[in-house]
Amino acid sequence: MTEQPLSFSEDLARYSASALRQALENGTLSADDVENAKDAMRAGAVLAHRRQDGTFTIRIGSVVDIDGHIFDLPSLAADWAATAT
């Protein structure tokens, strides 16, 4: 069986979950903040904004903004690199 590439939404979900775990471990977010973010995600209160330079922000409710770069998302990195040159 061949492994299927991640979709953009799966990539964003994994990236967001990882960032939330890291913020909890670093003490940047409290356990309550993480639970509120999970509730916001379940409610669909998630927005993603991508800028021309390849950076993006994921806003989860009013709880947290997560910043990253397209190269952090395997589903888009190759396509973005090809069009950026």
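What the table below lists for this structure:
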item: All positions within the range 47-79 that are in a loop (DSSP other than H, G, I, E, B) and among the small types (G, A, S); result: G54, G61, S62
item: Residue in the range 50-85 that is modelled with the lowest pLDDT, counting only those that are among the polar types (S, T, N, Q) and under 28 Å from D39 (Cβ atoms); result: S75
item: From D39, D65, residue being over 14 Å from L76 (Cα atoms), in contact with a Gly (Cβ under 9 Å, 6 or more places away or on another chain) and among the acidic types (D, E); result: D39
item: Selection count where residues are assigned to a loop (DSSP other than H, G, I, E, B) and open to solvent by 50 Å² or more (accessible area, probe 1.4 Å), scope the range 31-46; result: 2
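The values are calculated or read from the model by the stated rules, or taken from the named source; none is laboratory data. Here the structure is a predicted model, which means the values were calculated and not measured. FYI the Cβ positions are ideal-geometry reconstructions off the backbone, even for glycines, and counts take in every protein chain you see. All accessible areas refer to the heavy atoms of the entire protein, side chains included, with ligands and DNA or RNA removed. Shrake-Rupley method; radii C 1.70, N 1.55, O 1.52, S 1.80 Å.
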